[in-house]
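Chemist: Sharing a structure here in structure tokens format.
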Amino acid sequence: MRKILIFLAFTTCTFLQAQFGVQGTIDPDHDYSWILLYKMQNGDQTYVANADVIDGQFNFKIDENQPSGIYRAYYQIENSLYVEFIYNREEVAFSFDPTNPEQSITFSRSEENNMYHNYYQAIRANQQKLDSVQVLYFKASEAKEEVQLTEAYKKILADLREEQNNYEKKSDDLLANHFIKASEQYNAETPFKNPEDYLSAIKSNFFNAIDLSDSTLTHSSFIYDRLNDYVFYLNQGEDQASENVLQKDAIEKAVDWIGNDIEILSSFEVDLLETYLLSENAEMINFVLDNYYLSLPAGNQNEELISRARATLKTAIGVIAPDFSWQKDGQETTFHSLKGTDYYVLLFFSSNCPHCQMEIPEFYKFISGIHNIKVVAVGLEDERKSWEAMTSTYTEFINILDLDKWSSQKVKDYGVSAIPTYFVLDADKKILAKPEDFDDLKSMFETR
């Protein structure tokens, strides 16, 4: 028995020693009740654990077998609010202001994170000095001033490169070293006179420091963040048309740089599609789908994403909405054949949806007082009886029963994923808006 107890004590002690703590403090404290921890991997994130926030503090116990890399602690996942840190089998403790996490985070424990954080602060300070001199050089009008600025530029550049080399040497045995090396920004030997030449050089040399054969980088979020910076931050146009041209060229160059790495290509193109879906940029959604994403091996394509993209293309702002038909008094009627009003509101709802039961009566009362709007209300139902009971008083609506509910072709064509869902269209059935909710829709018509 004594031997067993000694063995149990030893294994318990070993188990306890084989865990590392990640402690965080939200300062000043907010109303966050829990934190979700994710491991970043190949541009995606894998759930690791969750922890309660008590008096602004939270704590994770990480098993020693948990892989090293970049981790995210989400304190408001629905709005994608998080802090990011390096985990490499060591104790990590940090505090941050949730209103400005990236700039405010400080580490009281963690050699890895302190090294990278100190590097970032030091390099950023010198880079800002260098950028300030470059801006002054753009504006310089006299030769003497240009000479002075060039000398100042070279001096700061030398300091910057020395700082970079020092941090690469100091971090040589750390995981942070991979990110420090890859973070080195391109700077020309002398300042540019023309802003266009400066931006062109930045773009041409943007990926110089990143080694695609470094698995630490490719298995983290680092490369994907840099790819997104390259496409979206460096390629902003004066209008949507010019911006699309710039970003198409950037995507082509980024894909060429990635080469045949299917995992990186797939994750990068998913990021592109998700970004363009948010802004409903139909031209760029088509561009990424047709030229890149649909050319990936079938196993690397996400059918749900493709379906969402195609539905968005059908219902993007400015396009003619998909047509559909229904039976009325024994005859087939189509949505596109409707006439006689300036605007249409297409509503998807269900009589069994509690939110719809509260919201639709308010919507009906509001919209019935507007004479140049016609409502087409599609009930996504399991059975007829409850739909008939709910719609019997909505005599101003064109009421359509769809017993296919979520498998309905209308749902697929319009990309409906929640109810109630509203679309506002003009007389030609061109989509003008997709209000988030009734209040959003109400404000649209109250300002007309």
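The values are calculated or read from the model by the stated rules, or taken from the named source; none is laboratory data. Not measured: the values here are computed from a predicted model. Cβ coordinates were reconstructed from backbone atoms using ideal geometry, including for glycine residues, and neighbour counts include every protein chain displayed. Protein only, heavy atoms only, side chains kept; ligands, DNA and RNA dropped before computing areas. Shrake-Rupley method; radii C 1.70, N 1.55, O 1.52, S 1.80 Å.
Chemist: Are any residues in region 221-261 small (Gly, Ala, Ser) and either within 16 Å of Asn42 (Cα to Cα) or out of contact with any Asp or Glu (no Cβ under 7 Å at 6 or more places or on another chain) (or both), and if so, which ones? Even if it seems obvious, please write down each step before you answer.
Modeler: From region 221-261, those small (Gly, Ala, Ser) are 221, 237, 241-242, 250, 254, 259; that's our starting set.
Hits for region 221-261 are Ser221, Ala241, Ser242, Ala250, Ala254, Gly259.
Chemist: Would region 292-308 turn up any residue that is modelled with pLDDT under 95 and of a type in the set (Lys, Arg)?
Modeler: Within region 292-308 (the criterion being modelled with pLDDT under 95 and of a type in the set (Lys, Arg)), the answer is yes, since at least one residue qualifies.
Chemist: Just give me the residues in region 272-309 being open to solvent by 60 Å² or more (accessible area, probe 1.4 Å), more than 16 Å from Asp249 (Cα to Cα) and charged (D, E, K, R), in sequence order.
Modeler: Glu274, Glu303, Glu304, Arg308
Chemist: Can you name the condition, by its number, that Ser266 falls short on among (1) open to solvent by 40 Å² or more (accessible area, probe 1.4 Å); (2) part of a helix (DSSP H, G or I)?
Modeler: Only one criterion is unmet by Ser266, namely (1).
Chemist: Kindly indicate which of Ile86, Ile105 is among the β-branched types (Val, Ile, Thr), open to solvent by less than 70 Å² (accessible area, probe 1.4 Å) and closer than 18 Å to Ser171 by Cβ. Before the answer, list the steps.
Modeler: Values: Ile105 fails: closer than 18 Å to Ser171 by Cβ.
It is Ile86.
Chemist: Right, another one. Going through region 368-393 one residue at a time, which ones are within 25 Å of Asp428 (Cα to Cα) and either of a type in the set (Lys, Arg) or open to solvent by less than 10 Å² (accessible area, probe 1.4 Å) (or both)? Even if it seems obvious, please write down each step before you answer.
Modeler: Residues of region 368-393 within 25 Å of Asp428 (Cα to Cα): 368-380.
Correct list: Lys374, Val375, Val376, Ala377, Val378, Gly379, Leu380.
Chemist: If I ask for residues that are assigned to a strand (DSSP E or B) and in contact with a helix residue (DSSP H, G or I) (Cβ under 8 Å, 6 or more places away or on another chain), which ones from region 321-357 would you list? Reasoning before the result, please.
Modeler: Taking region 321-357 and keeping what is assigned to a strand (DSSP E or B), we get 325-328, 331-334, 343-349.
If the condition is that a residue be assigned to a strand (DSSP E or B) and in contact with a helix residue (DSSP H, G or I) (Cβ under 8 Å, 6 or more places away or on another chain), then Ser325, Val345, Leu346, Leu347, Phe348, Phe349 are the ones that fit.
Chemist: Still on this structure, I have one more. List pairs: first in region 327-348 and more than 18 Å from Phe363 (Cα to Cα) and open to solvent by 40 Å² or more (accessible area, probe 1.4 Å), second among the basic types (Lys, Arg) and part of a loop (DSSP other than H, G, I, E, B), Cβ under 6 Å, 6+ apart or cross-chain?
Modeler: His336/Lys429
Chemist: Anything in region 426-448 that is under 30 Å from Lys385 (Cβ atoms) and open to solvent by less than 20 Å² (accessible area, probe 1.4 Å)? List them, or say none.
Modeler: Pro435, Phe438, Leu441
Chemist: Same structure, new question: Filter region 181-234 down to the residues that are among the charged types (D, E, K, R) and assigned to a loop (DSSP other than H, G, I, E, B), then identify the one that is surrounded by the fewest Cβ atoms within 10 Å (Cβ to Cβ).
Modeler: So in region 181-234, the residues among the charged types (D, E, K, R) come out as 181, 184, 189, 193, 196-197, 203, 211, 214, 225-226, 229.
If we keep only those that are assigned to a loop (DSSP other than H, G, I, E, B) too, we end up with 184, 189, 193, 211, 214.
Values: Glu184: 17, Glu189: 8, Lys193: 11, Asp211: 14, Asp214: 16.
Checked region 181-234; the qualifying residue surrounded by the fewest Cβ atoms within 10 Å (Cβ to Cβ) is Glu189.
Chemist: Sort out which residues of region 54-81 are of a type in the set (Ser, Thr, Tyr) and surrounded by fewer than 14 Cβ atoms within 10 Å (Cβ to Cβ), and write them in order of number. Lay out the reasoning, then the answer.
Modeler: First, pick out the residues of region 54-81 that are of a type in the set (Ser, Thr, Tyr): 68, 71, 74-75, 80.
Ser80, the sole residue that qualifies.
Chemist: If you scan region 167-177, which residues turn out to be under 14 Å from Tyr120 (Cβ atoms) and either assigned to a helix (DSSP H, G or I) or at pLDDT below 95 (or both)?
Modeler: Tyr167, Glu168, Lys170, Ala176, Asn177, listed by residue number.
Chemist: Looking at region 127-145, can you tell me whether even one residue there is of a type in the set (Phe, Trp, Tyr) and either open to solvent by 60 Å² or more (accessible area, probe 1.4 Å) or in contact with a strand residue (DSSP E or B) (Cβ under 6 Å, 6 or more places away or on another chain) (or both)?
Modeler: At the first step, the residues of region 127-145 found to be of a type in the set (Phe, Trp, Tyr) are 137-138.
Those still in the list that are either open to solvent by 60 Å² or more (accessible area, probe 1.4 Å) or in contact with a strand residue (DSSP E or B) (Cβ under 6 Å, 6 or more places away or on another chain) (or both) too: none.
No; the residues of region 127-145 include none that is of a type in the set (Phe, Trp, Tyr) and either open to solvent by 60 Å² or more (accessible area, probe 1.4 Å) or in contact with a strand residue (DSSP E or B) (Cβ under 6 Å, 6 or more places away or on another chain) (or both).
Chemist: If you don't mind, another one. Scanning for something part of a helix (DSSP H, G or I), of a type in the set (Gly, Ala, Ser), within 34 Å of the chain's Cα centre (by Cα) and under 26 Å from Glu90 (Cα atoms), does region 129-147 turn up at least one residue? Steps first, please.
Modeler: So in region 129-147, the residues part of a helix (DSSP H, G or I) come out as 129-139, 143-147.
In the following step, the residues that additionally are of a type in the set (Gly, Ala, Ser) were identified as 132, 143.
Then drop every residue that is not within 34 Å of the chain's Cα centre (by Cα), which leaves 132.
Checking which are under 26 Å from Glu90 (Cα atoms) leaves us with none.
Scanning region 129-147, I find no residue that is part of a helix (DSSP H, G or I), of a type in the set (Gly, Ala, Ser), within 34 Å of the chain's Cα centre (by Cα) and under 26 Å from Glu90 (Cα atoms), so the answer is no.
Chemist: Let me ask something additional. In region 57-111, what residues are in a strand (DSSP E or B) and touching a His at 6+ places or on another chain (Cβ under 7 Å)? Steps first, please.
Modeler: Narrowing region 57-111 to residues in a strand (DSSP E or B): 57-63, 69-76, 81-87, 92-96, 106-109.
Once the filter is applied, which keeps residues that are in a strand (DSSP E or B) and touching a His at 6+ places or on another chain (Cβ under 7 Å), region 57-111 yields Gly69, Phe107.
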